[in-house]
1. Restricting attention to the stretch B:203-225, which residues are over 17 Å from the mean Cα position of the chain (by Cα) and more than 10 Å from chain C (Cβ to nearest Cβ)?
2. The conditions are (1) at pLDDT below 90; (2) surrounded by 21 or more Cβ atoms within 10 Å (Cβ to Cβ), and A:GLY138 fails exactly one of them. Which is it?
3. Name every residue in the stretch C:221-268 that is within 23 Å of C:PRO168 (Cα to Cα), outside any helix (DSSP H, G or I) and hydrophobic (A, V, I, L, M, F, W, C), in order of residue number.
4. Return the residues of the stretch C:271-281 that are closer than 17 Å to C:LYS46 by Cβ and surrounded by 20 or more Cβ atoms within 10 Å (Cβ to Cβ); say none if nothing qualifies.
5. Sort out which residues of the stretch C:45-54 are touching a residue at least 40 places away in the same chain (Cβ under 8 Å) and either buried (at least 17 other Cβ atoms within 10 Å of the Cβ) or within 15 Å of B:LEU499 (Cα to Cα) (or both), and write them in order of number.
6. Just give me the residues in the stretch C:54-94 being of a type in the set (D, E, K, R), under 13 Å from the mean Cα position of the chain (by Cα) and facing another protein chain (nearest Cβ under 9 Å), in sequence order.
7. Here are some conditions: (1) surrounded by fewer than 20 Cβ atoms within 10 Å (Cβ to Cβ); (2) away from chain B (no Cβ under 14 Å); (3) under 30 Å from B:ALA222 (Cβ atoms). C:GLY212 meets all but one. Which one does it not meet?
8. Restricting to the stretch B:226-265, count the residues that are closer than 14 Å to B:LEU58 by Cα and at the interface with chain C (Cβ under 8 Å from one of its Cβ atoms).
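The values are calculated or read from the model by the stated rules, or taken from the named source; none is laboratory data. Just so it is clear, the structure is predicted and the values come from calculations on it, not from any experiment. Reconstructed Cβ throughout: ideal geometry from the backbone, glycine too, with neighbour counts over all protein chains shown.
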Amino acid sequence: MTSTSAAVRLDHVVFSYSDTMVRFDVTFAPGEITAIMGPSGAGKSTLLNLVAGFEIPREGRVLIGDVDVTIAPPSERPVSMVFQENNLFAHLDVEKNVGLGRSPALRLATADRRDVATALTRVGLAGMEKRLPRELSGGERQRVALARVLVRDRPILLLDEPFASLGPALREDMLDLVASLHAERGMTVLFVTHQPEDARKLAKNMVFVEAGTVAAAGKTADFFTNAGPEAFRHYIGGER
Amino acid sequence: MSVSRTDPRIAAGIIALAAIGILIGGAFAGLGIEAARNPQGAADAFDSYLFRIARFTLWQALLSTLLSVVPAIFVARALARHPAFPGRALILRLFAVPLALPAIVAALGILSLYGRAGYFAEPLAALTGGTWPGIYGLSGILVAHVFFNLPLATRLILEALQTVPADQWRLASQLGMGARSSFRMIDWPAIRAALPGIAGLVFMLCITSFTIVLTLGGGPAATTLEVAIYQALRFDFDPARAVALTLLQIALTAVVVLALMRLGANTTGDANLPVAQRNYIKAKTGEKALNTAIIVVALVFVGGPMLATIVSGLEANLGRLAGEAAVQRATLTSIVLATLSATLATMLALSLVMARRALAGSRTGGEKTLLERFTDTGAGFVLVVPPIVIGAGWFVLVRQSVEVFSLAPFMVVTVNAVMAMPFAVRAVRPAYDAASERHERLCAQLGISGWNRLRLIDWPVLKRPLATAFSFAMALSLGDLGVIALFGSDAVQTLPYLLLARMGSYRTDDAAGLALMLGLLCLALTMLADRLGRETTK
Amino acid sequence: MRSLILSMTSALALATVAFPAAAEGKLTVYTYESFTSEWGPGPQVKKAFEADCACTVDFVSVADGVALLNRVKLEGASTKADIVLGLDTNLTAEAKATGLFAPHGAAGADVKVPGDWKDDTFVPYDYGYFAVVYDTETLKNPPKSLKELVEGNPEEKIAIQDPRTSTPGLGLLLWVKSVYGDKAPEAWAKLKGRVLTVTPGWSEAYGLFTKGEAPMVLSYTTSPAYHMVAENTERYQAASFEEGHYLQIEVAGITTTGAKNPLAEKFMAFMTSPGFQDAVPETNWMLPAGKTDKPLNPAFDKLVKPTKTLIFSADEVAANRKAWVDEWLGVMSK
């Protein structure tokens, strides 16, 4: 059950909403974790939304592997996404929330249920199948979302600041979890974060977004040297 | 956020719009054919008298709207701040009853209190000196309209308030916000988003008011356009004039409603996961007292005429009435027709609400499309097309090809459903939009759409507002007379129809008893709808 | 989902609309609903006629006489009605103008109504006089003439109906016109102060009256008979007016459809016979236009008997109705 990884490419993508405009031309390496950083409002989430299919570019193409998915609906893309919030349906229990990753009609065969249970065990929520989201902590809810990612088993994983609201220790645990899931499945991960440590710990690559465009891209390690892009140094300087 | 154009929700909305369009368009086509034979009436309609009644129509409707909606904000908020207020659930259910009462029953109930021979006549006479002249004239019209619309607006505003996420309330209580600042920061944004729609709805109801305006207005100086349309079709049988007046009525309403829209911001707050009870609100004693006073005053105002209706209803020989075959038949017919209409109305409303949301989501900034506007406010304008116009139009259209009487139940159900649809929209939309805000991307991502989405995601969240919508629609259909009277066939006799028939043959006691039974029926059905809506999915 | 609704509603349509078997000998009568209600004359009339004709009588009822005419107009020549029963003399000219009615032949020879109203198309079946009905408990000195009504104490109110929407409303308008002629606007201007309110129909005004809101209401001379017979009270009485009372005659006519149905002519003859007429007084609360077998209830003897009958011809009403209503509106809406 290993998903084959694929590169994600935004080919001269132009997108506008109201009076803001973004232009992306960037490729994310297959099977690797890339951190996406940048100031608030720079277009990080928009970038993920374009990959996920929540936004349709005005110009350019979105490619996953060799397939042009520019206008494919979100559910038909080989992509899973975890949001900062609202990853779960409040009225459905944990098992159903995860099970939706397998069948949008929630028709789960015995094997599916077993997979759901396995995924829950894998993210440390064994036995919590019947809990409702409101009975879970913030960290546990995000684990449920990750369990659904496992059940869906798509080659691309988009993380839109999923751990931003968690405490440092919890966040640490979650990063470890993502790292180990990645080690197992080898999916291509795009990880939007505000925390330089997250990027350092998890991501091999780094893309720096500023003012609606990719200002710099490269190895994460290089970004944190004195030779790193100036805009980036300026950004994390401001953050520190 | 972009959503594919093939979203089944948009298709549902288009089907709903098409159904409404066919109903209205067919009526206009029918009357248009007749009007073409003698188009002169359309031009003759526009004289100085018409100008006067148009002015009066707008004036009374604006005042009625203001007096209904502004107090409703405070009543709704008071109810929202006190989820454990004694009898709260019952009050809310009672608030659905006025809609089910035929106008004349409500008018008589109101007059039992404020009329020349009403309970308050003596104290009022002592207060004003001389004899109490009653409330005939503008004041009577306003009292009656507020009686009908204050409860309606209260429930709809409450529905909007209940979409405020619990987090915001926690935040407010944590920040120690008082009643006033929490109103400004939390309640008002939610109310403001819903208010133009609610005010527009009330306005349209008052624009088309007929029996209330004539009976309590004191004379033909108090006449609405609706009366003129009725007169044009009924006494003069001048379809050209009726069509011209209807179009004028729609145009005037459109101007006012669009102006209302501009006042309101169309913002949906970003809602978070739990939408829960507000148990953590700790209202201060002063606020508690004030809110209690507000609720009690509203209850007395709305409950008073209802109580008077009950009192006179009890004087009737209820046992005999309930035993009559005609009454039993009419009750059953009423229940069946109202249930069908309410089901259809709720489905139409849900389709429109879903389509509007999907269209708003697929729009990347910029202007709303015509389709979105129609799913938004546009469809609401059906309210100002008089039922007599729809009825007569269809009658003309189909008389050659169809047995008209067999059409009666069908017409009653569809016309009532379409007329109740705008109410249902107002009840459902805030909750749907808030839920969609949370679920939209997740559903798109997981490929949950169409029937699956309705069943698994939307239905559980929307059950309560759908129940509200359903009970409103049912109350409205229960009380309807317009369509029934026009298509009146002996096969479709409803309770209000029977009530008027008894009144028309001197049997006022019977009529009072039937009014009581109608009110109780409405209350019972509302409670049933509420109960169905509250059941949890487990 | 939509088709489900459609099928549900059409199933309902089928379930609630009883299609009578297309038996030979069926007569369709369009009338107003208080005629067919269970305390109306309808049930008795149906029974009596069916016993005699070996046929089925189908009543189809609409709100009132005006709605009745509109219904026939809307249906045109394809109307199912054989007989239209319940128009009043103010509507007959307009009804005839539609060309949808056929002459009745010999029917109506035994009819006796005040003013000897006769017509080749329509036959009267009952009549009544408009009158001001008052509450003896709250009004000690009822007006004795239209003049007294117009000029009386404005504190003693009357509830009237709108001539644009109701038959009695139009009746009062014609009554005032027939008494005051060109001076009618001045009379209305005076009366206006006494008018509590103008309701859309008879029911609303009468409801206000019995509720005690107004001590007087515009109704019929026969209204007190209902209260005497059914409620055993003489509290409500009609005021007799010196100038006379305006007459309302209710008539029936055979449609062009009915002209082909032999039962129609038979029904018209039956209509003026005791089988029909006996039912009129205590169900329709009007005065019978034909011969009755049963003596009238003594309560009817106590009713006001107008000394003078006022009525405009159908043609006069048809020609002037709009202008007169506009004149009324001009005064009353100031």
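1. Residues of the stretch B:203-225 over 17 Å from the mean Cα position of the chain (by Cα): B:213-225.
Of everything in the stretch B:203-225, those that are over 17 Å from the mean Cα position of the chain (by Cα) and more than 10 Å from chain C (Cβ to nearest Cβ) turn out to be B:THR224, B:LEU225.
2. Single failed check for A:GLY138: (2).
3. Pass one, the stretch C:221-268, residues within 23 Å of C:PRO168 (Cα to Cα): C:221-230, C:234-253.
If we keep only those that are outside any helix (DSSP H, G or I) too, we end up with C:221-222, C:234-253.
Result: C:ALA238, C:ALA239, C:PHE241, C:LEU247, C:ILE249, C:VAL251, C:ALA252.
4. Our first condition is that a residue be closer than 17 Å to C:LYS46 by Cβ; within the stretch C:271-281, this holds for C:271-280.
Listed by number, the residues that qualify are C:MET271, C:THR272, C:PHE276, C:GLN277, C:ASP278, C:ALA279, C:VAL280.
5. Quick first cut of the stretch C:45-54, residues touching a residue at least 40 places away in the same chain (Cβ under 8 Å) only: C:45, C:48-49, C:52-53.
C:VAL45, C:ALA48, C:PHE49 - these are the residues of the stretch C:45-54 that are touching a residue at least 40 places away in the same chain (Cβ under 8 Å) and either buried (at least 17 other Cβ atoms within 10 Å of the Cβ) or within 15 Å of B:LEU499 (Cα to Cα) (or both).
6. Just the residues of the stretch C:54-94 that are of a type in the set (D, E, K, R), to begin with: C:58, C:64, C:71, C:73, C:75, C:80, C:82, C:88, C:94.
Cutting the leftovers down to under 13 Å from the mean Cα position of the chain (by Cα) gives us C:64, C:88.
If the condition is that a residue be of a type in the set (D, E, K, R), under 13 Å from the mean Cα position of the chain (by Cα) and facing another protein chain (nearest Cβ under 9 Å), then C:ASP64 is the only one that fits.
7. (2)
8. Result for the stretch B:226-265: 1.
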